[in-house]
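Remarks on the structure that follows.
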Amino acid sequence: MVKQEDTKDKVVLVKDEPEDDVIILDNDSDTDSSSPGTPKRETSPEVEIVSMSLKPEPDDEVIILDSPKRPVKKQRLTMEIILPTMAQLIAQRKKQAAKVEENTIKGMKLMKGKKIKKFENMQFSLDTVNDRLKLVNAVVPYEVLLDKGIQEFTVSRDFMSSVYGGSMQATCPKISDTRFRAHGYNMFTYLHEEYHPHAPRFAGGPGLFLCTAGGEDWGGLQRVFTRILSNRWQYMGQYEIKSAKSLTPEEWRQQDQKVRQTWGNEICRQRWGSSVCARILGRRELGRNPTNKEMDEIYESGRYKRITPQEVLAAYDSGEERLGVWTMKCVDYDTEFQLELYERFPAWVPAPRKPRKKKGDTEGESKGKKSVKKEKTKAAAGLTAVSKKRKRDELSDSESDLTELESEDEPEHRVEEGEMEDGEPLEELLYKSKGTRSRPICL
């Protein structure tokens with residue numbers, strides 16, 4: 001037996017002599033070779049293919065199509081969903097709220113050494129705060145890319161009033177056109193932490209604006225400042241202030257007793273709570289909500305001052321009065337503005353204040369001269385004789401309430417004669433007689 005290899009990588013075993021029991025047929029012959037009289041042609045040596053096999057050596061280029069492995073069956077995916085229990089949801093919610101409050105606590109560290117008992121007693125629960133912040137995606141603070149030392153730099157209200165204009169006491173002071181054209185900044189909002197306990201506590205942080213009644217969204221972006229220390233205000237960023245759901249009677253009753261009692265006391269004591277007291281008195285006397293005209297009469301008479309904190313608490317408990325809430329979301333931070341404050345405030349020198357006049361010094365002045373000066377000042381400012389009794393219906397609740405703060409530690413700023421609220425001098429308008437038809441004045 002001879003071993004031969006062909007060119008197709010196959011091994012062929014070949015016998016050179018046929019075996020006795022094997023009959024080899026000549027396929028080229030049409031007749032049987034054993035038949036008599038048929039001449040036999042010469043044939044090549046008999047060949048028999050015994051077996052065939054592939055080379056055992058592996059070849060990377062050879063692809064075996066008929067693999068002995070069974071085809072992989074299509075797998076069926078089964079999804080399992082595990083729902084958390086109510087206890088787990090509550091724990092997760094508290095954890096998220098604690099993370100938000102952690103940033104707030106960092107901002108409150110600046111209040112060390114200051115009496116903040118009143119501030120703490122006016123704070124709402126975390127659920128009340130976070131439920132409203134989540135509606136506007138304001139839980140996550142705005143990232144401020146500025147050195148922390150510059151971020152936390154504070155200025156005084158008299159500096160802001162002197163340089164940028166506006167009243168030193170108003171929450172939203174009006175900036176005159178002249179001042180706005182000079183520096184290009186407007187829509188300032190100053191939040192006193194004692195009356196806005198959920199104001200932003202750090203640059204870019206969220207907050208809530210509170211008022212004695214609800215209202216509409218604020219237009220535009222507000223340039224928000226928060227009082228950190230006595231007469232020290234920090235710029236927090238540019239904020240969208242959107243109206244949120246007012247505090248429901250259930251939420252109000254869920255607040256701590258100290259919180260509710262403090263709100264009741266402050267509404268009766270502060271000027272921004274007079275509208276609430278007037279409405280409560282009107283309902284008690286008239287049996288219905290008073291009209292604007294009836295509210296003016298209550299203001300002028302001063303009868304609203306008779307309302308007690310217990311009556312205020314009862315009005316909020318029953319839902320007749322509801323605290324208004326606005327969400328504060330930081331959407332931008334004016335870095336150039338904060339750097340400007342950082343550079344200008346240390347070099348600013350306040351103007352000397354005029355000493356207060358004593359009562360005895362003014363007794364010698366005639367009443368006629370005083371009245372003339374007052375009339376000239378009113379004419380120059382475009383005021384009328386009844387401007388002192390400004391009607392409350394001309395202001396929205398959010399503007400009329402919690403805007404004028406009675407702060408003992410802020411420097412008192414009195415508008416001098418011939419001067420507007422933002423410190424701009426007024427051109428005194430004097431009356432010049434032109435004579436009469438019979439006696440004209442010739443110039």
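Conditions tested, residue by residue: (1) assigned to a helix (DSSP H, G or I); (2) among the β-branched types (Val, Ile, Thr); (3) outside the structural domain of residue 185 (by TED's automatic domain parsing); (4) exposed (fewer than 14 other Cβ atoms within 10 Å of the Cβ).
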{"site": "260", "(1), (2), (3), (4)": "yes, no, yes, no"}
{"site": "264", "(1), (2), (3), (4)": "yes, no, yes, no"}
{"site": "273", "(1), (2), (3), (4)": "yes, no, yes, no"}
{"site": "278", "(1), (2), (3), (4)": "yes, no, yes, no"}
{"site": "282", "(1), (2), (3), (4)": "yes, no, yes, no"}
{"site": "290", "(1), (2), (3), (4)": "no, no, yes, no"}
{"site": "296", "(1), (2), (3), (4)": "yes, no, yes, no"}
{"site": "330", "(1), (2), (3), (4)": "no, no, no, no"}
{"site": "336", "(1), (2), (3), (4)": "yes, no, no, yes"}
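When each of 109, 99, 73 is tested for being at pLDDT below 75, more than 19 Å from residue 325 (Cα to Cα) and not in a helix (DSSP H, G or I), the lone residue that passes is 73. Got a number for residues in region 210-250 being touching a residue at least 24 places away in the same chain (Cβ under 8 Å), in a loop (DSSP other than H, G, I, E, B) and farther than 20 Å from residue 151 by Cα? Count: 13. Of the residues 301, 318, the single one that is surrounded by fewer than 17 Cβ atoms within 10 Å (Cβ to Cβ), closer than 30 Å to residue 136 by Cα and either touching a residue at least 60 places away in the same chain (Cβ under 8 Å) or not assigned by TED's automatic domain parsing to the domain that holds residue 242 (or both) is 318.
Yes or no, residue by residue, for (1) β-branched (Val, Ile, Thr); (2) under 30 Å from residue 333 (Cα atoms); (3) at pLDDT 90 or above:
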{"residue": "236", "(1), (2), (3)": "no, yes, yes"}
{"residue": "289", "(1), (2), (3)": "no, no, yes"}
{"residue": "294", "(1), (2), (3)": "no, no, yes"}
{"residue": "302", "(1), (2), (3)": "no, no, yes"}
{"residue": "307", "(1), (2), (3)": "yes, no, yes"}
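Residue 308 versus (1) buried (at least 21 other Cβ atoms within 10 Å of the Cβ); (2) more than 28 Å from residue 199 (Cβ to Cβ): which is the lone unmet condition? That leaves (1) as the condition not met. For region 172-191, the count of residues that are within 22 Å of residue 262 (Cα to Cα) and either of a type outside the set (Ser, Thr, Tyr) or part of a loop (DSSP other than H, G, I, E, B) (or both) is nonzero.
The values are calculated or read from the model by the stated rules, or taken from the named source; none is laboratory data. None of the values given here were measured: they were computed from a predicted structure. Every residue, glycine among them, receives a Cβ derived from its backbone with ideal geometry; neighbour counts consider all protein chains shown.
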